[in-house]
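Below is one structure, written out as structure tokens, with a few remarks after it.
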Amino acid sequence: MAGADPQSLRAARLALVEDRGLSGPDWCSRYAQVVDVWLAQLFEQATGGDPKGFALLAVGGYGRAELAPGSDLDLLIVHDGKRRIKAVADAVWYPIWDTGLSLDHSVRTVKEVRSTMDGDIKVAVGLLDGRYLAGDAALADKVLSRAVEQWKTRAATWLPGLDAVVRDRHARFDDLAFLLEPDLKEAHGGLRDLHLLRSLGRVVPIFGGLFGDPGLDRAGETLTSARVELQRATGQATNVLLLQDQDAVAAALRYTDADVLMGAVADAARSIAWASDDGWRRLGSWLEGPRGRGGSGDRLLEPGVVLRDGEVTLLADADPSSDPTLALRVAAVSAELDRPMARSTLDRLSEVAVAPDGPWPPETLHALLRLLGAGQPAIAAIESLDQRGVWLSYLPEWGPVRNRPQRNAYHRFTVDRHLLETTAGAAARQSSVARPDLLLLGALFHDIGKGRGGDHTEIGIGIVGDLGPRLGLPPGDTAILQAMVRHHLLLPDAATRRDLDDPATAAGVASVIGDRDTLELLAALTEADSQATGPAAWGPWKAGLVARLVDQASAVLEGRPHPAPTASDLGPDQRALLVPGQLELVADGGRLTVAAPDRPGLLGTVAGVLTLSGVSVLSATTISDEQTAMALLRFQVAPAFDVLPDWARVKDQVAAALEGRLPVDQLLSERERNYSRFRRPTSAYSPEVRVTIDNDASSTSTVVEIRAPDRGPVLYRVAHALAGCEVTITCALVSTLGAEAVDVFYVRRVAGGRVTDPAHQATLQKAVLAAL
């Protein structure tokens, strides 16, 4: 590269960006070498060939020679008090700015470096990766060696504060492995965690063992490669792997598709997150020393297992190769005490632990159930076994779901982590069921069929059918587990997509489930599964619906009279709203009742106004009263933007819409155009539009179920489309599954009865599809 002019560095960088023969860490290293040479020439010019008393250091990521295409240059000029330092610094900084590269720079004396490290932990960490670039090598060595010495003497003071900084960053950026659009650098399990572990490993013994770990090396290479290709593809200094960029990054790295890429990213992030969490957890014990750890001796926990220095440890004479229960027992004790397993113990388990050959003896299954029943701490214990390959040796069926991304905002976790979170939730509900062992196993395996292609429920039923006997379960228990897998979505689906006022709903659920014990297990599993799925999957409204359905189905199974109220049964207050013959609106929290003169399209019009007012409709029922020619609409609603609207204003808008003074359709279209620009995708795949018609779910109505991308006012469009098809909507149920809206309408012919004519059904389907 000729000379240290800005144009030469820009050209060299561009050539590297276009060189597809280089990728990942190799690209970063090569780019750092190019910048090194250019800066050395620049510093030579800046010091006029007399660098004594001046040194140029690379710190942070550049100090590690890990420069991605969009990385800042982290530079420090150290001097010994030279008067011409400003001229030298300006002669370095301005040409760098002229290249267009971002620069994080500072100028300090040796004394100032020391004092700044005391006051700024970021500076202190950055200097651990410091590297000499140009100038006075002796001065640079003095600064870097003193930085290491200062760390060794101040670590006990600095590390607790740094731990708090790390925890705060994790809380702000969340877990990389489970994000739809992860930050490859800042998120929990990202590159910053890996770099910090390795930096601290130079001065803190507890982190020293992470050097040369092949698993962490592979993880770092995966994330670095993705980061380089992301910045190449976008031409921006971004670390957030957006959905729109994942296909391009996957192609550049020669993954089969973006799903495979994100699975590899999740795997890498899990490895780094586990190492980071494990290291920081052990740090507190290291800082306290033997006395603080209760180092007076081993505390026997059970045969072969002791608590030593705050860690669960195998005794030297314990033999994991001859005791198939030992690995699971150690993990169970770790979870029950919420104490980490010693690294030496994990190493031994990884090397020699064996699962039972053939059907599990009762004590092995008991050890597994102990582990699962420990609740939330069991996740960390199982993660430790998983990182060392032990968990998979006991449950090889786990392989296809391990790090399997779900790639939508509805599901927060990868499939395997979702199963563990569900199991932890089930553990908290053990006392609510007669068979807590089956609840825990059903939670662990309810989605085990994912990741294999095809219907995951049907595949899971087959897997559990083979797995049950191997675990040592009797045929009856295996059958119950299969029923839990088969029906794990039945209760939430029926509760949110079927009319609970229709007795046929509870009767149908009871008929499918068959007995009270299985219903009890499914009710507990439903809550644990939904809460583990994500915040959009569970809330007071859905919990209330599921609880009501369970009560109704229990009554059917127990033969108790429990008639569900019909939609036509109005209370005195509701009937009074129909008498005046004019528009009335009554709100009570999330319940909204609207009375209005009956007319076709009434539900759609009111739903459209509610959408314009920032209200999400969760469910709606409509009742027509022939005596008053009025209709009563009952809604369950939630605010789309945190606060419910001024209901008096909403009433005025409904009146204006019904009188033709408010152009609802036009306003909704404008609203959709304005908001669509800011709407982030919530799934890697756009759901297809499907319309199904069911005459078996209700004895009085036809059920029309619509699945469509959750874009725009779906309820408004469908309600208006159905209003033009000679049917009356008696009930509407609305739910959202990530990127997919699932709306269900109970309809009857205007003349009465269900829609049984195939031609009429085809008209309904065609009208709805056209509206969407």
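The values are calculated or read from the model by the stated rules, or taken from the named source; none is laboratory data. For clarity, every value in this text was computed on a predicted model and none was experimentally measured. Neighbour counts are summed over all protein chains in view; Cβ atoms, including those assigned to glycine, are modelled from backbone coordinates with ideal geometry. What goes into the accessible areas is simple: the full protein's heavy atoms, side chains included, and nothing from ligands, DNA or RNA. Shrake-Rupley method; radii C 1.70, N 1.55, O 1.52, S 1.80 Å.
Just subtract the alpha-carbon distance of Arg30 and Ser699 from 0.36 nm times their residue separation and send over the number in nm, one decimal. Each step should come with its number before you reach the end.
On the way: separation 669, 0.36 × 669 = 240.84 nm, distance 7.19 nm.
Working it through step by step, the gained length comes to 233.7 nm.
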For the full complex of protein chains and a 1.4 angstrom probe, list His79, His456 by accessible area with the highest value first. His456, His79
Toy charge model, Lys and Arg Cβ at +1, Asp and Glu Cβ at -1: the chain dipole around Cα centroid in debye, rounded to 20, equals 1680
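Taking trypsin sites (Lys or Arg not before Pro) as exposed when DSSP calls them loop (any state but H, G, I, E, B) and at most 11 other Cβ atoms lie within 10 Å, what is the longest stretch of the chain free of them, the sites themselves excluded? It would help to have the intermediate numbers written out before the result.
Values: sites that count: Arg20, Arg83, Arg254, Arg661, Arg677, Arg679.
Result for the longest clean stretch: 255-660.
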Toy charge model, Lys and Arg Cβ at +1, Asp and Glu Cβ at -1: the range 258-406 dipole around Cα centroid in debye, rounded to 20, equals 380
Sequence gap at least 6, Cα distance under 8 Å: using those rules, report the relative contact order of the range 458-518 to the nearest whole percent. 29
Please name whichever of Leu368, Ser334, Pro396 sits farthest to the positive end of the charge dipole of the range 334-400, dipole taken about the Cα centre and charges placed at Cβ: Lys and Arg +1, Asp and Glu -1. Ser334
With the cut-off at 1.5 for a/c, could you classify the range 316-381 from its C-alpha gyration tensor as rounded, prolate or oblate? oblate
Using only Cα atoms, tell me the angle between helix 714-723 and the longest principal axis of the chain; keep it within 0 to 90° and round to the nearest 10. 20
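Tell me whether the chain comes out rounded, prolate or oblate; compute the Cα gyration tensor, take square roots of the eigenvalues as a ≥ b ≥ c, and use a/c under 1.5 as the rounded threshold.
Values: a/c = 2.62, a/b = 1.52, b/c = 1.72.
Here the chain falls in the oblate category.
Keeping all protein chains in place and using 1.4 angstrom, which order do Glu18, Glu181 fall into by accessible surface area, from largest down?
Details: Glu18 125, Glu181 40 Å².
The ranking, largest first, comes out as Glu18, Glu181.
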Enumerate lysine pairs in the chain that are 8 or more residues apart or on different chains, then count those whose Cα atoms are under 14 Å apart. 4
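By how many nm would the segment from Asp98 to Glu181 grow when fully extended, if each residue of separation counts as 0.36 nm and the alpha-carbon distance is taken off?
On the way: separation 83, 0.36 × 83 = 29.88 nm, distance 3.28 nm.
This chain segment gains 26.6 nm when fully extended.
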Mind checking the angle between helix 362-373 and the chain's longest principal axis? C-alpha axes, 0 to 90 degrees, to the nearest 10. 90
Note down the relative contact order for the range 299-448 as a percent, whole number, built from C-alpha pairs under 8 angstrom at least six residues apart. 19
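With a ≥ b ≥ c the root eigenvalues of the C-alpha gyration tensor of the range 69-185, is it rounded (a/c under 1.5), prolate (a/b larger than b/c) or oblate?
Details: a/c = 2.71, a/b = 1.34, b/c = 2.02.
Oblate, since a/c reaches 1.5 and b/c is not below a/b.
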Degrees between helix 326-337 axis and first principal axis of the chain (Cα, 0 to 90, nearest 10): 80
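Within the accessible area of the chain, what % is carbon and sulfur when the probe is 1.4 Å and the other protein chains stay in place?
Working: 16690 of 32990 Å².
C and S atoms contribute 51 percent here.
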Per residue, in Å², the accessible surface of the chain once ligands and nucleic acids are set aside, probe 1.4 Å: 43
With all protein chains present and a 1.4 Å probe, how do His170, His446 order by accessible area, largest first? His170, His446
When the charge dipole of the chain is computed with +1 at the Cβ of Lys and Arg and -1 at the Cβ of Asp and Glu, the Cα pointing farthest to the positive end, of Thr518, Leu22, Gly48, is that of Gly48
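By how many nm would the segment from Arg281 to Ser321 lengthen if fully extended, with 0.36 nm per residue of separation less the alpha-carbon distance? Can you show the working numbers first?
On the way: separation 40, 0.36 × 40 = 14.40 nm, distance 2.84 nm.
Stretched fully, the Arg281-Ser321 segment lengthens by 11.6 nm.
Can you work out the FRET efficiency for the pair Asp665 and Asp466, with r the C-beta to C-beta distance and R0 = 56 Å, to the nearest 0.05?
On the way: r = 55 Å, r/R0 = 0.98.
That gives a FRET efficiency of 0.50.
Grab the DSSP H runs of the chain that are 4 residues or longer, score each as -39,500 (n - 2.57), total them, divide by all residues and round the 222 nm result to the nearest 500 deg cm²/dmol.
On the way: 31 runs with 414 residues, N = 772.
Calculated mean residue ellipticity at 222 nm is -17000 deg cm²/dmol.
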To the nearest 10 square angstrom, how much accessible area does Ser431 have with a 1.4 angstrom probe? 120
Over the chain, calculate the relative contact order: mean separation of alpha carbon pairs under 8 Å at least 6 apart, over the residue count, as a percent. 7
For Thr756 paired with Val354, estimate the spin-label separation in nm (one decimal), with each label point 7 Å from Cα along the Cα-to-Cβ line. 6.7
Between Arg673 and Ala770, what FRET efficiency follows from the Cβ-Cβ distance if R0 is 22 Å, with the result rounded to 0.05? 0.65
